[in-house]
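One structure is given here, and the rest of the page talks about it.
The numbers here are math on the coordinates, done by the rules we state, and not lab data. Note that the structure is a prediction, hence the values are computed from the model and not measured. Neighbour counts are summed over all protein chains in view; Cβ atoms, including those assigned to glycine, are modelled from backbone coordinates with ideal geometry.
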Amino acid sequence: MMQPDKNLDSTYIFQPFKGWNVSTTYKARWDGIGIKAPVEYVVKNITTLPFNLYLNVVDDMTHHVGVGGGYGPINIGFSTQVGKKSEKKNRHLSFNWSSTKFNLQFSHSKIRDTGKCIMEYEGADPSVIQELETSANLWRISGFYIFNHKKFSFPSAYTGRLVQKKSAGSILVGAKYLHGGIALPEKRTAVSTLLSDLIGYKTYQLSVGAGYSFNWVLYHRDAETRKDIGRLHNLTFNITAIPLLTFVNEMSLIHMDENGKKNRIGVHGHLQPNVLGKVGLCYAFGHLYVNCGFEYNYNIFRTAQFTRDELSAKPYNDLPYEYKLSIIGHLANCVGSLELHYRF
C-alpha cells in the first residue's frame, strides 16, 4: 500500500492506493555509435589528400520486447531484441527512480552488430572498405530535479504511480553521465591500419543543463477513493526538453602493437551542446494504464587535429608520409515504446 504524500497538492495530483506494478513492453530502438575522422594524408610535405573516414555501428531500427515491474517510485525493466536470427541479440537493462521531486534513470545497452566503414574522397563516390563484426556498450545515468513538485507530477505520464488531474509544468535542472565505446576485431583491417592500428575506443562524458517539462491533461474522471480506483480514467500528455552542456568529454583510443599488446591513448574533447528529450502519453483506467513514449539522446565527442604519431602507440617517423586527423564521435539513440501496466 502507498501512503499519501501530504506535500502534494490534491487539486492537481491524485495518489492511488496501489503501489506494486508489473508491465510488458514493446520498444522500437535506434542506436547509433561511431566516429568520423577528417584525415589529411600528406606525402613528403608536398602532396595533401583530404578524405573522411566513417565507422558506424547500428544504423537500423531494431525491435525489442521486455518485462518490468516495481514498487512505488522504483521500476526495473529488461528487454531483448526480436526478429534477429543471430544468437548475438541486442539487450537493454533499465532502472528508474521516479520520485515526486526528482527522476533518476540508469540504463545499459549491449549492441552486437556489423559496423560499416566508409571512405569519402572529395569529388568521388563514397566507397565501403569493409564491414566489421563489432560490439558496443552504452551506459547512461541521468537525472533531474523538479522545482514545481507539489503541482506537477512527472511520473503521471510514464509510470502511472501518480495521476495528473489538472495541467501543470515545472522547470527542471539535470545532469547526465555517459560511458560508451566500440570494440573492433583485433585482427588487422583497413580501418585499423588507417587509424594507427585502432581496435576500439571509449568515451566518458558528463553534462549538465536545465529545461522544462509540462503535463497536459486531456481527460480526467476521478476515482471513488484512493482504494477504489475502478472508475478512474485519465489521459495525460507530457513533453520534456533539457538542453545540456557537456563539459567533461574524454576519449580513450585502444591500439594493438606488433606484439599483440593493447595500448590506451587518451585525448581530450571540446565543450559540446547536447540534448535530452522525452515525449509521453499515458491513459490510466482503473488498475491498468497504457503508456506510449518517445525518447531522444544525443552526444558528440570532438577533438582538435592531431598527427598520426601523436595518436599512435608506435612512432611512424621513418615513413615518407603522415596523417593529420581529428576525431568526431557520436553516441545517439531514439526509443519509441508502448507499455501496458497493471497496478495492485
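Which ³J(HN,Hα) values, rounded to whole Hz and listed in residue order, are derived for region 70-81 from phi using the Karplus coefficients 6.51, -1.76 and 1.60 in 6.51 cos²θ - 1.76 cosθ + 1.60 with θ = phi - 60°, glycine and proline given as x?
Calculated HN-Hα couplings, in order: x, 9, x, x, 9, 9, 10, x, 9, 9, 9, 6 Hz.
Counting Lys and Arg as +1 and Asp and Glu as -1, what is the net charge of the other residues whose Cβ lies under 10 Å from the Cβ of ILE242?
Within the 10 Å Cβ shell, the charges total +2.
Once label points are set 7 Å from the Cα along Cα→Cβ at both LYS227 and LEU340, what is their separation, rounded to one decimal in nm?
Placing both labels 7 Å along Cα→Cβ, they lie 2.9 nm apart.
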